[in-house]
Amino acid sequence: MKKSIALLLCTALTAGMLVGCGRTADTAEAPATEEATDAATDATDAEATDAADAEATDAAEDTTAASDKTWVVATDTVFKPFEYTNSDNEFVGIDVDILAAVAEDQGFKYDLQSLGWDAAVAAVQAGQADAIMAGASITQERKDNGWIFSDGYYNATQTFVVAQGSDVKSLKGKNVAVKNGTQGADYANSLKDQYGFTVTVFEDSPTMYQDVILGNSAACVEDTPIIKTSIKEGELALEVPEGMENEGADYGVGIM
């Protein structure tokens, strides 16, 4: 393409030189100069046509490649109601439905891979997946670390969660469970020095919940819509205290 543009410029310069010479030549040489100019113009038109055809071909090839590509989208395994396995062992949820609707509307193919949060992030970072869609909060810190997000599609807060019937009045000297690499973990870590608690990191939400139910941790921190759904539908022995949530952020599809 660059070669074609360069040739086009050279031809245009040559035509300009010939036109300039024609203006200083005598009457007898004028017809020859006009013929040369016409030839140069024809050459220029031909080069322009070739360039346009090449660009159209490139665009068509790019479109074909994009339509043939199967986009690998990594997601979490248990993040109800956004992604989870139902009673029929089908992978379902809000994120699953949104991805299917967008793919149908935009006409692309995808492979949704249920990997777990940490593995999903690692897959995108390693180039093994094209994007992550797993209730990923859009934050400035993640953007600073190289994440690129879609527009937000759901605003979620993070909140502290305690065991059902808990009489905990203060977290000082106690432990709080978090899930690795999440906004809940960031929220807990931002408060641990101020309120004097320690933090234990888990790889998935169900294990984190059990740590609180069993009394090993006084509380955990989770996305509010996730924990409320899990408590209601999973009949978990947990509860959400009033006024323990942060300001929240939008979920978005992320690439890195």
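The values are calculated or read from the model by the stated rules, or taken from the named source; none is laboratory data. Since the structure is predicted, the reported quantities are computational estimates derived from the model, not experimental observations. Cβ: placed from backbone, ideal geometry, glycine included. Neighbour counts: every protein chain shown. For the accessible areas, the whole protein counts, side chains as well, though only heavy atoms, and no ligand, DNA or RNA atoms are used. Shrake-Rupley method; radii C 1.70, N 1.55, O 1.52, S 1.80 Å.
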Is it true that residue 102 is among the aliphatic types (A, V, I, L, M) and open to solvent by 50 Å² or more (accessible area, probe 1.4 Å)? yes
Every listed condition ((1) of a type in the set (Asp, Glu); (2) part of a loop (DSSP other than H, G, I, E, B); (3) open to solvent by less than 40 Å² (accessible area, probe 1.4 Å)) holds for residue 167 save (3)
Could you say whether any residue in the range 117-133 is surrounded by 22 or more Cβ atoms within 10 Å (Cβ to Cβ) and on the phi > 0 side of the Ramachandran plot? no
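State the number of residues belonging to the range 109-161 that are in a strand (DSSP E or B) and touching a helix residue (DSSP H, G or I) at 6+ places or on another chain (Cβ under 9 Å). Show your work before the answer.
Taking the range 109-161 and keeping what is in a strand (DSSP E or B), we get 109-114, 131-132, 137, 148-149, 154-156, 158-161.
Subsequent filtering for residues that are touching a helix residue (DSSP H, G or I) at 6+ places or on another chain (Cβ under 9 Å) retains 109-110, 112-114, 131-132, 137, 149, 154, 156, 158-161.
Matching residues across the range 109-161 total 15.
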Within the range 170-179, how many residues turn out to be open to solvent by 20 Å² or more (accessible area, probe 1.4 Å) and within 26 Å of residue 235 (Cβ to Cβ)? 3
A careful count of residues in the range 186-211 that are part of a helix (DSSP H, G or I) and closer than 21 Å to residue 84 by Cα gives 7
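Which ones in the range 143-159 are of a type outside the set (Val, Ile, Thr) and either within 10 Å of the chain's Cα centre (by Cα) or open to solvent by 20 Å² or more (accessible area, probe 1.4 Å) (or both)?
The initial filter retains those residues of the range 143-159 that are of a type outside the set (Val, Ile, Thr), namely 143-147, 149-156, 158.
143, 144, 145, 146, 147, 149, 150, 151, 152, 153, 154, 155 - these are the residues of the range 143-159 that are of a type outside the set (Val, Ile, Thr) and either within 10 Å of the chain's Cα centre (by Cα) or open to solvent by 20 Å² or more (accessible area, probe 1.4 Å) (or both).
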Residues being open to solvent by less than 60 Å² (accessible area, probe 1.4 Å) and touching a strand residue (DSSP E or B) at 6+ places or on another chain (Cβ under 7 Å): count how many of those fall in the range 181-198. 6
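Taking into account only those residues within the range 240-254 that are more than 13 Å from residue 138 (Cα to Cα) and surrounded by 15 or more Cβ atoms within 10 Å (Cβ to Cβ), which is nearest to the chain's Cα centre (by Cα)?
In the first step, residues of the range 240-254 are kept if they are more than 13 Å from residue 138 (Cα to Cα); the result is 240-246.
Subsequent filtering for residues that are surrounded by 15 or more Cβ atoms within 10 Å (Cβ to Cβ) retains 240, 244-246.
Numbers: 240: 30, 244: 29, 245: 25, 246: 23 Å.
Ranking the candidates gives 246 first.
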Identify all residues within the range 69-99 that are more than 20 Å from residue 156 (Cα to Cα), without any contact (Cβ under 8 Å) to a residue 40 or more places away in the chain and among the β-branched types (Val, Ile, Thr); write none if there are none. 85
